[in-house]
Amino acid sequence: MAETEIEWTDATWNPVAGCSIVSAGCTNCYAMEMARRLAAMKMSKYEGLTRKSGDRHVWNGTVREDRSALDLPRKWIKPKKIFVNSMSDLFHPEVTDGFIEDVWRVMRETPQHNYQILTKRPERLADFLLSSSVGILKNVWLGTSVENEAVVGRVRELKKVPAVVRFISFEPLIGSVAGVDLTDIHWAIVGGESGRLARPLKEEWIDEIYDACGVAGCAFFFKQWGTWGKDNKKRSKKENGREYKGRTWDMMPAHTH
Ligand code: SF4
């Protein structure tokens, strides 16, 4: 099992490797650097996915479906919350409908787990679900990432998606999403950016989401402040902590089994 430090899940499952940048939230995508490191360790799945750009490595647009990873969750007997594709986006245009259907088959046949699918391409997620016959699975949570106002329309797209749990990851939150309507959204995760180029997170942006959760009855999870420093000095995740309003917020959606 792929263990993870991500606070809101138990394990990661990566049937797809590689991606391409879609919006400002992707600029410091940790998966790009991680893919480069794994390629340097001769993990063939991650070889040839990035190119050098200045002093960093960025996706080169290659996306790889990994059939050998498809059956991994079948081997995990103990129930887990599983984050699907922490290193990619299942709804990237290069991932075929047939492969996504194969992922759905595995999720259907392993009901002991809860799967968390997070995409920055909710239009394709909605098209896929409304046009295919995979149906609603009660162990599959569907979410989209929203980093600022420019992409807040993703919330509307997600609302078209039939699911027992719809969630938004406001991470990395790099701007205001004032006025966001979280009606019909079950869970909101908020977090700052990590890494050496982390951009700041303002408390007032969190307040806007916290208040919207209160209005809509949406569970609120505050993941972390990130690794930026108010004095522009880098801070560790531990130093910045994960308290907001003097406490931690680890609410989960009501639906769990
Ligand atoms: S969609 Fe996700 S995995 Fe793909 S580049 Fe953006 S942040 Fe990275």
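Counting Lys and Arg as +1 and Asp and Glu as -1, what is the net charge of the other residues whose Cβ lies under 11 Å from the Cβ of Leu38?
Once positives and negatives cancel, what remains is +2.
How large is the direction-averaged shadow of the alpha-carbon convex hull of the range 109-202, in nm²?
For the range 109-202, averaging the hull's shadow over all directions gives 6.9 nm².
Using a Gaussian network for the chain with springs between C-alpha atoms less than 10 Å apart, which of these wobbles most: Val106, Val161, Val84?
Comparing Val106, Val161, Val84 in a Gaussian network model of the chain, the most mobile one is Val106.
With springs connecting C-alpha atoms under 10 Å apart, model the chain as a Gaussian network and identify which of Trp13, Trp104, Trp76 has the largest mean-square fluctuation.
Comparing Trp13, Trp104, Trp76 in the GNM, the peak value goes to Trp76.
Structure shown: which of Lys78/Lys159; Lys75/Lys138; Lys75/Lys120; Lys78/Lys245; Lys42/Lys223 lie over 25 Å apart, alpha-carbon to alpha-carbon?
Distance filter (> 25 Å) returns Lys78/Lys159; Lys75/Lys120; Lys78/Lys245; Lys42/Lys223.
How would you rank 132-141, 31-40, 243-252, highest first, on the average number of other Cβ atoms within 10 Å across their residues?
Those peptides, ordered most packed to least, come out 31-40, 132-141, 243-252.
Expressed in whole Å with the largest first, what are the equivalent ellipsoid semi-axes of the chain derived from the C-alpha gyration tensor as the square root of 5 times each eigenvalue?
Its equivalent ellipsoid spans semi-axes of 26, 24, 17 Å.
Which order do Lys160, Lys42 fall in if you start with the one that has the fewest other Cβ atoms within 10 Å?
In increasing order of surrounding Cβ atoms, one gets Lys42, Lys160.
What 222 nm value per residue comes from the helices of the chain, counting each DSSP H run with n ≥ 4 as -39,500 (n - 2.57) and dividing by all residues, nearest 500 deg cm²/dmol?
-6500 deg cm²/dmol
Which whole-number percent gives the relative contact order of the range 89-232, counting Cα pairs below 8 Å spaced six or more residues apart?
18 percent
For a quick check, take a GNM of the chain with Cα springs below 10 Å and name the residue from Arg56, Arg235, Arg154 with the largest mean-square fluctuation.
Judging by the Gaussian network model, the answer is Arg56.
Expressed as a whole number of Å, what is the distance separating the alpha-carbon centroids of the range 173-211 and the range 61-125?
25 Å
Using the Kirkwood formula on the Cα atoms of the range 1-94, what hydrodynamic radius do you get, in angstrom to one decimal?
Value: 14.0 Å, from the Cα pair sum.
How big is the Kirkwood radius of the range 47-151, worked out from every pair of different alpha carbons and given in Å to one decimal?
15.2 Å
Each value in this text was obtained by applying a stated rule to the coordinates, not by laboratory testing. Given the structure is predicted, the values throughout are model-derived calculations rather than measurements. Heads up, the Cβs are rebuilt from the backbone with ideal geometry, glycines too, and the neighbour counts pull from every protein chain shown.
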